[in-house]
1. Would you mind computing, in nm to one decimal, how far apart the modelled labels at Asp256 and Thr54 are, each placed 7 Å from Cα along Cα→Cβ?
2. Once both axes come from the Cα atoms, what is the angle between helix 103-129 and the longest principal axis of the chain, in degrees from 0 to 90, rounded to 10?
3. Roughly how many debye, to the nearest 20, is the charge dipole of the chain about its Cα centre, given +1 on each Lys and Arg Cβ, -1 on each Asp and Glu Cβ, and no other charges?
4. Can you give the extra length, in nm with one decimal, that the chain gains between Thr282 and Ser237 once fully stretched, where that is 0.36 nm per residue apart less the Cα-Cα distance?
5. With angles folded into 0 to 90 degrees, how steeply does helix 266-278 sit against the dominant principal axis of the chain? Use alpha carbons for both and round to 10.
6. At 20 °C and 1.002 mPa s, grab the translational diffusion coefficient of the chain from Stokes-Einstein with a Kirkwood Rh over Cα pairs, rounded to a whole number in µm² per second.
7. Quick one: among Ser81, Ser257, Ser63, which has the greatest mean-square fluctuation in a GNM of the chain with alpha-carbon springs under 10 angstrom?
8. Determine the distance separating the Cα centre of segment 71-107 from the Cα centre of segment 229-297; give it in Å without decimals.
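Values quoted throughout were computed directly from the atomic coordinates according to the rules given, and no laboratory measurement underlies them. Fair warning: this is a prediction, and the values are worked out from it, not measured in the lab. Note: ideal-geometry Cβ built from the backbone for every residue, glycine included; neighbour counts use all protein chains shown.
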Amino acid sequence: MANDYVAIADFVADALDVARTRTSDLLLAAPTVARMPRIAPADGGTTHKYNKYTGSPVVGFRSENDGRENDHSEDTVVSVSLKIADFSFAVDMAVADAWRDGGPEAYIAREGARHLSAMLAKLEKQLFYGTGTGGDAAGFSGFMNSTYLDALADQMVIDAGGTTAATASSVYAIRMGIDDVAMVTKDTIDIGETTVQRVAGSTGFYPAYWTPASVWVGLQMGGAYSVGRIANLTADSGKGLTDDLISELLGEFPVDSQPTILVMNRRSLRQLQQSRTATNSTGAPAPFPQEAFGVPIIVTDQLLSTEALET
């Protein structure tokens, strides 16, 4: 039976007292985050530290009546700083009180659900772009902050060869799990009590229903073989996503540590589908791919098609 970790979806489900089915709808904008396991920071605070196995001991054979030198394994401590993801909101008291579809409670719940959905999408984009272009400089470090994924010379980066500037995209192969890629959160999403406050407008003050909402969050990126990337996917002829590129990427993962998902945007999915149609012996259009080499495909709108070309 496959591992079934506690995921992000599990701890947001009750945050606003909304039905599970409604929460699932809200997670559609962040399908990668929705699948990620959630772990607590190791120190119980706002910093998560974990050991990464970085050096195996030297072993070997020896001759009779002779010894060999002892050695030991090596670990490196990785430190992850959690950041505050804030989606607090205020709604005009008069507008909420006049809401005919359930009154102020329903209006506040609607706004809360929309803010939660927007925050999850923000977390997903931060997962890929981190503090660089495409992400939020005030947020946590993401894949593009990793020295394993930020250059074509890196082992876990495959070059698709696109050449048109600012039109690139990436596809990621991710190994999710509590020992690999996971979202780190302190406790759960904190939805505070809604209160009436005096809020400043552009020309004066007005009463508003204020709801504080936030969570401490960070990303555990695992080790050198937890994430792989196909970079420089563009609309240039022959520079889109193909099974050959995916095969090349999957070949960089150790045999006992294969990725659990492939993540791409809609353009990359279409390119993959069209490449399969072109090689279809029947001439019929290939269906939209659901997997590649047994690895499920996740499609997200949070991966851009306007990335800079990787060098």
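1. 2.2
2. 20
3. 820
4. Full-extension gain reported as 13.9 nm.
5. Computed tilt is about 50 degrees.
6. 98
7. For the chain, modelled as a Gaussian network with Cα springs under 10 Å, the answer is Ser63.
8. For segment 71-107 versus segment 229-297, the Cα centre distance is 34 Å.
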